[in-house]
Amino acid sequence: MTRLRIMEMLKRRAAAARFGVGRARTMLTSIKGFWKVCRYGDLYMVLAALAAQSINISVGFCQGFSAVLLPQYTHEHPNITYEQSSWIASLGVISNPIGALLGGMMVDAVGRRLLLQSIVLPNLIGWLVIAFSEAYVFLCVGRFITGFTIGMSTASYIYVAEITTPEKRGVLSAVGPGLVSTGIFIVYFLGAFIHWRHVAAICAGFSLLTPFLMYFVPESPLWLASKGQMKEAYSALFWLRQNNSTAQQELMEFTKDRKTSENMTFKQKLGLFKRRNVLKPFALLIVFFIFQEMSGIYVILYYAVDFFKSVGTSVNEFTASIIVGGVRVFMGAVGACLINSFRRKTLATASGLLLGVAMLGAAICDTLDGPPLIKLACILLHVSFSMVGFLQLPWIMSGELYPQDIRGVMSGATSCCAYVLIFFNIKTYPQLEYYITSNGTLYLFAVCALLGATYCLLFLPETKGMTLSEIIRQFEDEKKEVDPEIGCDKQNKIEARPVQRRHSAGAAVSLEKCDILTPRWTQKETAKKMAVHE
């Protein structure tokens, strides 16, 4: 018996040792797999995109601050008029167009990375002015300065669009609106418990995050290649992809005939803005933005506390605003997941339809004096549905639809027009509510959202899973024209040869070499053979 027990014990120990060795091997394999993903996968690209998108947290601070500032400030200063309150809210928007135009011109001149780092200056100064303001005028000045941050931050969408692969561009671009919602939620939460001056001081300290993170990531390879800095562009691509062959192949895709643009006259450069592939996406985006602003998304954002107070819900208005902020954060994450699974047109149409129905439900409930909780639920549904397409898609597409040579300027011009619309919407909301009542504004928001859904279904272009070159070619007059991203003539190909390369995710992709990428000795030999054959 003793011998049998000893043998059983030895067997158990041997089995345990084998199990331990198996677990150790499995763990080692997992570690090796994780390291392989980190070394050759998309990790570096994701980190760079998140570093650029971190500026959107500060954008959320700017957009949500007025909702917590106005109730506290009007309580401290009862003599402040309704007109002055609207200026405090809208001055955070009126400087957005200026920042967007300035950023659009600077992003092509100094680069995407340096511009995102320089945003810290107006952001930090504006928040400090607000935190230490003793008079109404200085409060307005601070709000005006912080508005530059919102306008210039659209460079983050350009940067993300240019460093990411088509498969990852949608979800990484959608992170931006999600981080805006995160910033709004943080401000709403802080404003419910601490003084608005302390909230402004926290926002000022947080503005240092983006320049710190952007210090560790490279400049956009596409911008570097457009400036002729091919060595730096290759280094940036190699850092992002962590793969030598992939970096070389993508650099060839980025290569364009710079001599043509360098020898252009000023009149010819102005003619770039008259092209069909510039004017058509600009018009499509502006109309999309009009329906977006008139659907009430930004009114609820900037007047969250006052909006719930005027609409009349059974929940405390500060608590309701915090709930709205939390819902935005959660649905922003949901929207980022959905954007990789559904077409852009499908998401935008469904989002507009659902948020229109939700706002219509709130308006009918208000008309019939229904339960306040149902009204609050409808408004929360409106906020939720806006985050899965209608809110984020026009901002994402403003960094996708324009040609590389004027992408920065046109993205800035589009954002400028969008911010003018937002300012008009925010500034006129108090007067609109006064003339057509809060119930009438709910009906107006519902109708505009439903019209916007119809517009998206009929006219919105599709960009899901497409390269930037393929997106731009949708708007060309003829399909056989110069490729706006590569710069090679589609009609003058020697031979379309498939070239296999591996993405960072490991998928093989077939590319076609143009004659601008083919060695000259090969072109000469081909020409000789054709002449002999003839």
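The values are calculated or read from the model by the stated rules, or taken from the named source; none is laboratory data. Computed from a predicted model, the values in this text were never measured in an experiment. Ideal geometry is used to build each Cβ from the backbone, glycine not excepted, and the neighbour counts take in all protein chains shown. Note: areas computed on protein heavy atoms with side chains; ligands, DNA, RNA excluded. Shrake-Rupley method; radii C 1.70, N 1.55, O 1.52, S 1.80 Å.
Cβ-Cβ under 6 Å, sequence separation 6+ or interchain: first residue in the stretch 329-345 and over 17 Å from GLN53 (Cα atoms), partner surrounded by fewer than 16 Cβ atoms within 10 Å (Cβ to Cβ). Which pairs?
ARG343/GLU462; ARG344/GLU462; LYS345/GLU462
Identify, by number, the condition in (1) at pLDDT 85 or above; (2) in a helix (DSSP H, G or I); (3) over 28 Å from PRO430 (Cα atoms) that LEU270 doesn't meet.
Result: LEU270 passes all but (1).
For residues in the stretch 130-147 being open to solvent by 40 Å² or more (accessible area, probe 1.4 Å) and either part of a helix (DSSP H, G or I) or touching a Ser or Thr at 6+ places or on another chain (Cβ under 7 Å) (or both), which is nearest to GLY60 (Cα to Cα)?
Among residues in the stretch 130-147 that are open to solvent by 40 Å² or more (accessible area, probe 1.4 Å) and either part of a helix (DSSP H, G or I) or touching a Ser or Thr at 6+ places or on another chain (Cβ under 7 Å) (or both), the one nearest to GLY60 (Cα to Cα) is PHE144.
Tell me which residues, restricted to the stretch 390-434, are over 25 Å from ARG275 (Cα atoms) and among the hydroxyl-bearing types (Ser, Thr, Tyr).
Of everything in the stretch 390-434, those that are over 25 Å from ARG275 (Cα atoms) and among the hydroxyl-bearing types (Ser, Thr, Tyr) turn out to be THR428, TYR429, TYR434.
Restricting attention to the stretch 450-463, does a residue exist that is more than 26 Å from GLY178 (Cβ to Cβ), in a helix (DSSP H, G or I) and open to solvent by less than 50 Å² (accessible area, probe 1.4 Å)?
Within the stretch 450-463, none of the residues are more than 26 Å from GLY178 (Cβ to Cβ), in a helix (DSSP H, G or I) and open to solvent by less than 50 Å² (accessible area, probe 1.4 Å).
Kindly check whether there is at least one residue in the stretch 44-57 that is open to solvent by less than 30 Å² (accessible area, probe 1.4 Å), farther than 11 Å from ALA155 by Cα, of a type in the set (Ser, Thr, Tyr) and more than 22 Å from the chain's Cα centre (by Cα).
The answer is no, given that none of the residues of the stretch 44-57 is open to solvent by less than 30 Å² (accessible area, probe 1.4 Å), farther than 11 Å from ALA155 by Cα, of a type in the set (Ser, Thr, Tyr) and more than 22 Å from the chain's Cα centre (by Cα).
Look at ALA236 and say whether it is more than 20 Å from the chain's Cα centre (by Cα), farther than 18 Å from VAL93 by Cβ and crowded, with 24+ Cβ neighbours inside 10 Å.
Numbers: more than 20 Å from the chain's Cα centre (by Cα): yes; farther than 18 Å from VAL93 by Cβ: yes; crowded, with 24+ Cβ neighbours inside 10 Å: yes.
So ALA236 fits the description; yes.
If the requirement is being touching a residue at least 40 places away in the same chain (Cβ under 8 Å) and either of a type in the set (Lys, Arg) or farther than 14 Å from GLN53 by Cβ (or both), which of these qualifies: TYR234, TYR188, TYR157? Steps first, answer last, please.
Values: TYR234 fails: touching a residue at least 40 places away in the same chain (Cβ under 8 Å); TYR157 fails: either of a type in the set (Lys, Arg) or farther than 14 Å from GLN53 by Cβ (or both).
None of the other options fit; the residue is TYR188.
If only one of PHE342, PHE254, PHE291 is aromatic (Phe, Trp, Tyr), crowded, with 20+ Cβ neighbours inside 10 Å and modelled with pLDDT of 85 or more, which one is it?
One residue alone meets the criteria, PHE291.
Would you check which residues across the stretch 199-250 are within 16 Å of ALA161 (Cα to Cα) and of a type in the set (Gly, Ala, Ser) and list them?
SER220, ALA225, SER226, ALA233, ALA236
Has the stretch 165-180 got at least one residue that is open to solvent by less than 40 Å² (accessible area, probe 1.4 Å), at pLDDT below 90, outside any helix (DSSP H, G or I) and not acidic (Asp, Glu)?
Among the residues of the stretch 165-180, at least one is open to solvent by less than 40 Å² (accessible area, probe 1.4 Å), at pLDDT below 90, outside any helix (DSSP H, G or I) and not acidic (Asp, Glu), which makes the answer yes.
Hey, among the residues in the stretch 195-208 that are part of a helix (DSSP H, G or I) and open to solvent by 60 Å² or more (accessible area, probe 1.4 Å), which one's nearest to TYR44 (Cα to Cα)? Reasoning before the result, please.
Kept after step one, since they are part of a helix (DSSP H, G or I), are these residues of the stretch 195-208: 196-206.
Checking which are open to solvent by 60 Å² or more (accessible area, probe 1.4 Å) leaves us with 197-198, 202, 206.
Numbers: ARG197: 37, HIS198: 35, ILE202: 29, PHE206: 23 Å.
Step by step, filter the stretch 195-208, then rank; the result is PHE206.
Tell me, which residue of the stretch 354-368 that is farther than 18 Å from ALA453 by Cβ and assigned to a helix (DSSP H, G or I) is least open to solvent (accessible area, probe 1.4 Å)?
CYS365
Find the residue count for the stretch 210-220, including only residues that are open to solvent by 60 Å² or more (accessible area, probe 1.4 Å) and part of a helix (DSSP H, G or I).
1
Check whether at least one residue in the stretch 54-76 is touching a Ser or Thr at 6+ places or on another chain (Cβ under 8 Å) and either of a type in the set (Lys, Arg) or more than 30 Å from PHE193 (Cβ to Cβ) (or both), and report yes or no.
no
I need the full set of residues from the stretch 115-129 which are assigned to a helix (DSSP H, G or I) and either open to solvent by less than 10 Å² (accessible area, probe 1.4 Å) or touching a strand residue (DSSP E or B) at 6+ places or on another chain (Cβ under 8 Å) (or both), in order please. Break it down into steps so the answer makes sense when it comes.
Here is the first cut: in the stretch 115-129, the ones assigned to a helix (DSSP H, G or I) are 115-118, 120-129.
Matches in the stretch 115-129: LEU115, LEU116, ASN123, GLY126, TRP127.
Select from the stretch 221-258 the residues that are closer than 19 Å to LEU115 by Cβ and in a helix (DSSP H, G or I) and list them in ascending order. Don't jump to the end; show me each part of the working.
Quick first cut of the stretch 221-258, residues closer than 19 Å to LEU115 by Cβ only: 221-227, 229, 232-233, 236, 240.
Matches in the stretch 221-258: PRO221, LEU222, TRP223, LEU224, ALA225, SER226, GLU232, ALA233, ALA236, LEU240.
Can you name every residue in the stretch 424-436 that is open to solvent by 20 Å² or more (accessible area, probe 1.4 Å), farther than 20 Å from ILE98 by Cα and either touching a residue at least 24 places away in the same chain (Cβ under 8 Å) or under 22 Å from the mean Cα position of the chain (by Cα) (or both)?
GLU433, the sole residue that qualifies.
List, please: which pairs have Cβ atoms under 7 Å, are six or more places apart or on different chains, and start with a residue in the stretch 79-98 that is within 10 Å of VAL420 (Cα to Cα) and open to solvent by less than 10 Å² (accessible area, probe 1.4 Å) and end with one that is outside any loop (DSSP other than H, G, I, E, B) and among the hydroxyl-bearing types (Ser, Thr, Tyr)?
Short answer, once both residue conditions are applied: VAL93/TYR419; ASN96/TYR419.
Out of all the residues in the stretch 123-142, is one or more free of Cβ contacts under 8 Å to residues at least 60 places away in the same chain and closer than 21 Å to ALA418 by Cα?
No, the stretch 123-142 has no match at all.
Which residues, counting only those in the stretch 379-390, are more than 14 Å from THR349 (Cβ to Cβ) and crowded, with 23+ Cβ neighbours inside 10 Å?
Selection gives ILE379, HIS382, VAL383, MET387.
Restricting to the stretch 95-109, count the residues that are in contact with a helix residue (DSSP H, G or I) (Cβ under 6 Å, 6 or more places away or on another chain) and assigned to a helix (DSSP H, G or I).
Taking the stretch 95-109 as the starting set, the residues that turn out to be in contact with a helix residue (DSSP H, G or I) (Cβ under 6 Å, 6 or more places away or on another chain) are 95-97, 99-101, 103-104, 106-108.
Applying the additional criterion that residues be assigned to a helix (DSSP H, G or I) yields 96-97, 99-101, 103-104, 106-108.
Count: 10.
Can you run down the residue pairs with Cβ atoms below 7 Å, 6 or more apart or on separate chains, where the first is in the stretch 449-465 and touching a residue at least 12 places away in the same chain (Cβ under 8 Å) and the partner is part of a loop (DSSP other than H, G, I, E, B) and open to solvent by 30 Å² or more (accessible area, probe 1.4 Å)?
Correct list of pairs: PRO461/GLN474; GLU462/ARG343; LYS464/ARG343.
What tally of residues in the stretch 411-423 results from selecting those that are of a type outside the set (S, T, N, Q) and surrounded by 24 or more Cβ atoms within 10 Å (Cβ to Cβ)?
Summing the residues that are of a type outside the set (S, T, N, Q) and surrounded by 24 or more Cβ atoms within 10 Å (Cβ to Cβ) in the stretch 411-423 gives 4.
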